[in-house]
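Undergrad: My questions will all concern the structure given below.
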Amino acid sequence: MGVGTIRVGLPTAILVSAFISLTFEYLRHRDIRIVFSKLQDLFDNMGKVFATVVTLIIAGETFAMGLKSIGAVDALLHAGSQAGFSASIIVLFMAILTFTISALMGSGNAAFFSFAPMVPDIAHRIGANVAEMMLPIQLSAGMGRTISPIAGVIIAVAGIAGLSPFDIVRRTLIPMISGWLLMLVITFTASGQLMEVLPFLVVVCTLVAVVMIVRRKKTVQLSTAG
């Protein structure tokens, strides 16, 4: 509001916005029962989202603790150290894995919460910055779901447009993968680790290009056969 002394948190902002909206709803309908019905809908939907998020967090924490219990984190760090991989290579590997899982499952939260609880422990052991490790993983989770035909947003947009989700994904595939690769380059450049991961990024770019060329050829062949 332009007043520096006023500090409004997210819960307060939500309640204030809801009160303002309900006020205008009353002015529109002139019926308090309709207003309270909409308020009930608001709380019901908040509860549904809250339940989903909490379930993902608990499942992610359980998955992460399971991996720690069976020694998967120690095995990953040991294998990385034996192969001479630095912290940036491990971050790149986790970002690629998160991006792939998000694309397959259609949920960025599920992939992110599966690996995020392990990041502070890994960062502490290898002496890396937690924020620098978490950032590419978080962004990879969000970008990966945009190329998944089973993602809720893709299904919703396809339904509105009257198209197949696969048609939408075919349009978002190239720009989102390009944006994801650019995000990795910018992130590792900002952290001063680009040269360490550059060979691996070149390999990833090459694999992506090969897959796209193969898919393009198959599409052309199917169109010609049809």
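The values are calculated or read from the model by the stated rules, or taken from the named source; none is laboratory data. All values reported here derive from a predicted model rather than from experimental measurement. All Cβ positions, even for glycine, are placed from backbone atoms using ideal geometry, and neighbour counts span all protein chains on display. Only protein heavy atoms, including side chains, enter the accessible area calculation; ligands, DNA and RNA are left aside. Shrake-Rupley method; radii C 1.70, N 1.55, O 1.52, S 1.80 Å.
Undergrad: Can you sort H124, H29 by 1.4 Å-probe accessible area, starting with the largest?
TA: Reading off the accessible areas and sorting them downward yields H124, H29.
Undergrad: Mind checking Rg over Rh on segment 179-222, alpha carbons, Kirkwood formula for Rh?
TA: 1.19
Undergrad: Among A190, A123, A59, determine the one that fluctuates most according to a GNM of the chain built with springs between C-alpha atoms less than 10 Å apart.
TA: Judging by the Gaussian network model, the answer is A190.
Undergrad: Another question, then. So how much slack lies between H124 and I150, counting 0.36 nm per residue of separation and subtracting their Cα-Cα distance, in nm?
TA: Length difference between fully extended and current span is 5.8 nm.
Undergrad: Using a Förster radius of 30 Å, what is the FRET efficiency between R7 and L42 based on their Cβ-Cβ separation? Nearest 0.05, please.
TA: 0.80
Undergrad: Next up: How far is the Cα center of segment 9-23 from the Cα center of segment 168-226, in Å?
TA: So the two Cα centres are separated by 42 Å.
Undergrad: If you wrap a convex hull around the C-alpha atoms of segment 82-166 and split its volume per residue, what is the figure in Å³?
TA: Dividing the Cα hull volume of segment 82-166 by its residue count gives 82 Å³.
Undergrad: On to the next question. Take the alpha carbon gyration tensor of segment 142-216, find the square roots of its eigenvalues, order them as a ≥ b ≥ c, and report rounded if a/c is under 1.5; if not, report prolate when a/b exceeds b/c, else oblate.
TA: Taking the square roots of the gyration eigenvalues as a ≥ b ≥ c, segment 142-216 is oblate.
Undergrad: For the chain, what does the helix formula give at 222 nm: sum of -39500 (n - 2.57) over DSSP H segments with n ≥ 4, over the residue count, nearest 500 deg cm²/dmol?
TA: The helix contribution divided over the chain gives -28000 deg cm²/dmol.
Undergrad: Quote to one decimal, in nm, the extra length available between V54 and T219 on full extension: 0.36 nm per residue of separation minus the C-alpha distance between them.
TA: Taking 0.36 nm per residue and subtracting the Cα distance, the gain is 55.3 nm.
Undergrad: Could you give log10 I(q)/I(0) at q = 0.09, 0.15, 0.17 Å⁻¹ for the chain, computed by the Debye formula over C-alpha point scatterers of equal weight, without solvent?
TA: -0.56, -1.12, -1.24
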